[in-house]
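Please read the structure below before turning to the comments.
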Amino acid sequence: MNMMENSKTKNIITAIALSLVLASCKAPMATVIKDEVKENIPQNFNQEETQDANNNSGTTPWRQFFTDPNLVTLIETALKNNQELLITLQEIQIAKSGVLAKKGRLTPTVSAGIGAGLKKSGRYTSEGAGDATTEIEPGKEMPDPLGNFEAGLNASWEIDIWKKLRTEKESAVAHYLSTVEGKNFVLSNLIEEVADNYYELLALDNQLDIIQQYIKLQQRALEISKIQKEAAASTELAVKKFEAELAKSKAAEYTIRQQITEKENEINALLGRYPQPIVRAKENFMSTIPPTVYTGIPSQLLANRPDIKQAELELKASKLDVEAARKEFYPSLEISATLGLEAFKPSYLVKMPESIAYNMAGELAGPLINKSAIKANFQTADAKQVQALYEYDKTILNAYLDVANLMSKVKNIDQYYQLKSQETKALDQSIDIANQLFRNSRADYLEVLLNQRDALDAKMELIEAKQKQLSTVVDIYKSLGGGWK
């Protein structure tokens with residue numbers, strides 16, 4: 001009879017296990033999309049030119065790329081104090097804790113505890129009647145009410161039979177690594193911002209010098225116009241025109257001074273400090289030669305750009321999340337056990353082996369009927385995986401376009417700077433000629449004013465061109481993945 005009952009029990013357990021496995025076979029499949037953007041990345045940034053894979057400025061450390069000692073000092077300060085960077089570092093710690101949490105689920109959970117209780121069963125119940133007729137020891141009845149004192153260890157462990165927990169841990173590791181790449185991208189952006197603002201500040205310094213020189217030039221022209229008016233060689237109109245131009249230039253001087261103050265504070269904000277003077281040398285700004293930038297080949301962006309590597313790791317994490325969500329359809333196996341001492345009186349706890357109590361159980365459970373929550377979780381993870389792929393492709397495409405556009409900009413801004421230099425030289429010469437003719441009453445005051453304005457505009461634009469020339473090189477350096485090493 002016992003053999004028949006054991007056989008029936010085994011058959012029931014086998015049937016339940018088979019039903020769970022069969023139910024898990026209906027787990028949905030993840031969406032698979034071909035990554036055409038990565039596979040079809042061009043061989044070169046410019047189809048008319050062939051780039052050298054051995055020369056890539058994106059791998060150059062920023063301390064070697066930037067040679068201005070004042071700029072290097074500013075960047076070092078920013079890397080220590082910038083709030084956005086410090087926030088990103090905390091995100092890394094949060095992701096690291098997530099890895100430890102997932103790793104902890106792979107090992108058994110063990111807890112220790114003690115407890116005490118008191119129970120009074122009704123006399124006319126099966127439990128109460130049984131206790132009333134039971135002797136703890138010969139001649140010693142069961143206490144009523146009955147105390148319960150216990151101390152021991154409890155353990156539980158989910159056996160990772162489908163490697164679901166390992167998959168979740170791998171996903172957490174990928175997400176952690178993506179936050180590290182995110183920190184590198186913040187570093188790269190921060191260095192670019194500091195350098196760009198530094199060059200803009202130097203440009204404003206030089207524009208302030210130009211406007212001050214222009215004010216002195218106009219003051220002399222005003223004096224000449226007054227002398228000519230007294231000699232009846234000019235009119236009051238000429239004097240008023242020069243006075244108005246002088247007032248306009250002085251107003252422009254204060255505008256530039258305000259821009260300098262704001263730019264200094266913008267740099268101080270990047271450096272995580274209160275407003276203070278920015279140490280810089282403006283004298284050599286116009287003679288600064290931008291470093292030569294080598295682009296390498298487009299496929300190197302995948303390894304050099306932190307934002308691309310971050311998107312790739314997030315894609316990997318999302319794929320692992322889909323895999324883990326799919327395994328939720330599979331049955332799970334959990335083992336629980338307790339071991340300790342238990343007695344109705346504290347003095348009996350030390351009597352062994354009578355007070356020793358233990359329990360062990362295994363549970364195989366899986367979803368059979370209501371799977372809507374699990375399905376929804378899987379569908380969400382699957383959609384996020386597709387979304388992460390599109391984000392990855394978008395990041396690659398934008399990185400390629402950034403470099404291609406900046407390569408063209410470097411060439412065009414160089415040509416623009418050369419032509420502006422020629423224009424400035426020609427207008428400087430025309431100013432000298434116009435002033436000489438004006439002194440000799442052979443040129444009208446309007447000719448002098450127009451020449452001065454044109455020369456001022458040309459010099460201002462030349463300074464802006466130098467700033468754009470330097471900033472464009474910084475931007476392409478960052479777009480190649482430089483700045484974080």
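I'd like the residue in the stretch 396-417 that is under 16 Å from K478 (Cα atoms) and of a type in the set (S, T, N, Q) and, out of all such residues, is farthest from the chain's Cα centre (by Cα).
Selected residue: S408.
Show the residue pairs meeting these rules: Cβ distance below 6 Å; 6+ apart or different chains; first residue within the stretch 376-404 and open to solvent by 20 Å² or more (accessible area, probe 1.4 Å); second residue of a type in the set (F, W, Y).
Sorted first by the residue in the stretch 376-404, then by its partner, the pairs are A404/F45.
Can you tell me which condition V110 does not meet? The list is (1) more than 27 Å from the chain's Cα centre (by Cα); (2) of a type in the set (A, V, I, L, M, F, W, C); (3) within 23 Å of L270 (Cβ to Cβ), and all the others hold.
Only one criterion in (1) more than 27 Å from the chain's Cα centre (by Cα); (2) of a type in the set (A, V, I, L, M, F, W, C); (3) within 23 Å of L270 (Cβ to Cβ) is unmet by V110, namely (3).
Given the options E363, E328, name the one that is at pLDDT below 85, open to solvent by 30 Å² or more (accessible area, probe 1.4 Å) and among the charged types (D, E, K, R).
E363
Looking at (1) touching a helix residue (DSSP H, G or I) at 6+ places or on another chain (Cβ under 6 Å); (2) at pLDDT below 90, find the lone condition where D382 falls short.
Unmet for D382, out of (1) touching a helix residue (DSSP H, G or I) at 6+ places or on another chain (Cβ under 6 Å); (2) at pLDDT below 90: (2).
Take the stretch 344-385 and flag every residue that is within 46 Å of the chain's Cα centre (by Cα) and among the acidic types (D, E).
Scanning the stretch 344-385 gives E363, D382.
Do we have A343 as buried (at least 21 other Cβ atoms within 10 Å of the Cβ) and either among the hydrophobic types (A, V, I, L, M, F, W, C) or under 23 Å from S111 (Cβ atoms) (or both) here?
no
Within the stretch 193-210, is there a residue that is in contact (Cβ under 8 Å) with a residue 60 or more places away in the chain, assigned to a helix (DSSP H, G or I), more than 30 Å from Y477 (Cβ to Cβ) and out of contact with any Ser or Thr (no Cβ under 8 Å at 6 or more places or on another chain)?
No, the stretch 193-210 has no match at all.
Would you confirm whether or not the stretch 237-248 contains a residue that is crowded, with 16+ Cβ neighbours inside 10 Å and under 30 Å from N81 (Cβ atoms)?
No.
Using the structure shown, decide if E312 is within 30 Å of G483 (Cβ to Cβ), open to solvent by 40 Å² or more (accessible area, probe 1.4 Å), touching a Phe, Trp or Tyr at 6+ places or on another chain (Cβ under 7 Å) and acidic (D, E).
yes
Taking the condition over 30 Å from T31 (Cβ atoms), surrounded by 14 or more Cβ atoms within 10 Å (Cβ to Cβ) and modelled with pLDDT under 95, does Y445 pass?
In short, yes.
Please specify each residue of the stretch 211-236 satisfying the condition of being among the hydrophobic types (A, V, I, L, M, F, W, C) and either open to solvent by 60 Å² or more (accessible area, probe 1.4 Å) or part of a helix (DSSP H, G or I) (or both).
Passing the criteria: I211, I215, L217, A221, L222, I224, I227, A231, A232.
If we scan the stretch 250-273, do we find a residue that is open to solvent by 80 Å² or more (accessible area, probe 1.4 Å) and assigned to a loop (DSSP other than H, G, I, E, B)?
No, because not a single residue in the stretch 250-273 is open to solvent by 80 Å² or more (accessible area, probe 1.4 Å) and assigned to a loop (DSSP other than H, G, I, E, B).
What pairs come up if the first residue lies in the stretch 110-132 and is within 19 Å of F344 (Cα to Cα), the second is of a type in the set (D, E, K, R) and assigned to a strand (DSSP E or B), and their beta carbons are under 8 Å apart, counting only those six or more places apart or on different chains?
I114/E150; G115/E150; A116/E150; A132/E141
The values are calculated or read from the model by the stated rules, or taken from the named source; none is laboratory data. What you are looking at is a predicted structure, and each value in this text was computed from that prediction instead of being measured. Positions of Cβ are generated from backbone atoms using ideal geometry, with glycine treated the same way; all protein chains shown enter the neighbour counts. Accessible surface areas use protein heavy atoms only, side chains included; no ligands, DNA or RNA. Shrake-Rupley method; radii C 1.70, N 1.55, O 1.52, S 1.80 Å.
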